[in-house]
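Structure, as structure tokens:
The values are calculated or read from the model by the stated rules, or taken from the named source; none is laboratory data. For clarity, every value in this text was computed on a predicted model and none was experimentally measured. We place every Cβ from the backbone using ideal geometry, glycine too, and count neighbours over all the protein chains shown. Surface accessibility is based on the protein's heavy atoms, side chains included, excluding ligands, DNA and RNA. Shrake-Rupley method; radii C 1.70, N 1.55, O 1.52, S 1.80 Å.
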Amino acid sequence: MPAIVITGTGLFTPPYSISNAELVASLTSATERWNADHASEIEHGTTAARSAPDEEFILKASGIQSRYVMEKAGILDPDRLRPRLARRGEDELGIQAEMSMPAIRQALAQAGRAGDEVDAIIVGCSNLQRAYPAVSIEIQHELGATGWAYDMNVACSSATFAIQAASDALQSGSARCVLVVNPEITSGHNNFALRDFHFIFGDACTAIVLERADDAVAAGQWQLLGTKLATQFSNNIRNDAGFLNPSEDGERDPDELVFRQRGQQVFREVCPMVSTHIKDHLRALELDPSIIRRFWLHQANLKMNQLIAKGVLGRIPDDAEAPVILDHYANTSSAGSIIAFHLHRSDLNDDDLGVICSFGAGYSVGSVVVRRVSDSTALS
Ligand code: COA
């Protein structure tokens, strides 16, 4: 089997940041208004008053301090509580393709590749702006890439699932230079009107270049020692927005057409699932967890990551072992573990080992075990 290497990564960080304080101020104002509008039902006990969100709770429960977004004013407007994104014409680049391009250019520069050397593009993300044509094909056109492209969605696990698909394509020979792109506009599916959910997500885009080791020219390369994916059905993270909504009779609760979750259950069920998954993956590769230098975990909740790493290592990891980016990015869905990998790998040495791991709705979990190699030492 030819060795497959990651030869470059890129990150696009949106221009606006929203602090917890700003978010809480906006939802507090909206909540006061909602309670005033429903004062009579609340007084008669037919509906419950809504509680205002709390800044301290958000930081303590999640570790999140702020998040980046593609548009800020609409989200913070208490009368709107959702982004205000201009509709674009057919002749304009779509917003997901647009945010992908800076991340792609950075990843290609690291890989030492030009756009026309890419012959496969997989866009993996939680939400796609339209049914078709695929965002990946739009990117292929914009980049001047050849070959084929498709979009896929495994929610927060989309990047690791796409990495395995890229690796399979490279090993079979159906592609020579694959781009995986994760344009996440999670502010579009986030429910900014409910205090349980309004703080969870942020926007970002990551890109990854994968090639066969014997083709690669990049100075820094990360050999894939193995990928492992698993899924198990659960309704605990769900979003019912879909193309059949208009065909259904009766009104849907608008809260069902955006992200919702049973956070406590997700926490209880997903943490052991992910720890076991990583341990099984490392055991299959005959690698002891103690020799893993870094865990680039999905970035949803700080306590969750500490518990998962503890399940693997037997102790809480320090920041260098499991870097945190959710403090300033929040949950960027599939981009999270790749942002951590992109920002926190340059200090590792040749032969150092690491695990990229994502998990989320489905449930789904994907792990990628990597080894740092210089351009001449990748095994073939
Ligand atoms: N401000 C103040 N109080 C809030 C609040 C906010 N922004 N959000 C929720 N609360 C309240 C709840 O209403 C609840 O009040 P109640 O006890 O009166 O009902 C209380 O805080 C506890 O809520 P709970 O949801 O049980 O908190 P938690 O400790 O589980 O933390 C999450 C919530 C979402 C941070 C946490 O469950 C989580 O991260 N789970 C994992 C989810 C995840 O990662 N999902 C994505 C996977 S990709």
### Task
Examine segment 101-109 for a residue that is over 30 Å from His342 (Cβ atoms) and either within 16 Å of the ligand (Cβ to nearest atom) or in a helix (DSSP H, G or I) (or both), and state whether such a residue exists.
no
### Query
Out of segment 222-264, which residues are open to solvent by 50 Å² or more (accessible area, probe 1.4 Å), within 30 Å of Asp168 (Cα to Cα) and part of a strand (DSSP E or B)?
Leu225, Lys228, Leu229, Thr231, Arg238
### Task
Determine which single condition Ala207 fails, assuming it passes every other condition in (1) under 21 Å from Cys125 (Cβ atoms); (2) open to solvent by 10 Å² or more (accessible area, probe 1.4 Å).
(2)
### Message
Here are the criteria: (1) buried (at least 23 other Cβ atoms within 10 Å of the Cβ); (2) touching a Leu at 6+ places or on another chain (Cβ under 9 Å); (3) farther than 20 Å from Pro289 by Cα; (4) among the hydrophobic types (A, V, I, L, M, F, W, C). Tell me which single one Leu343 does not satisfy.
### Response
(1)
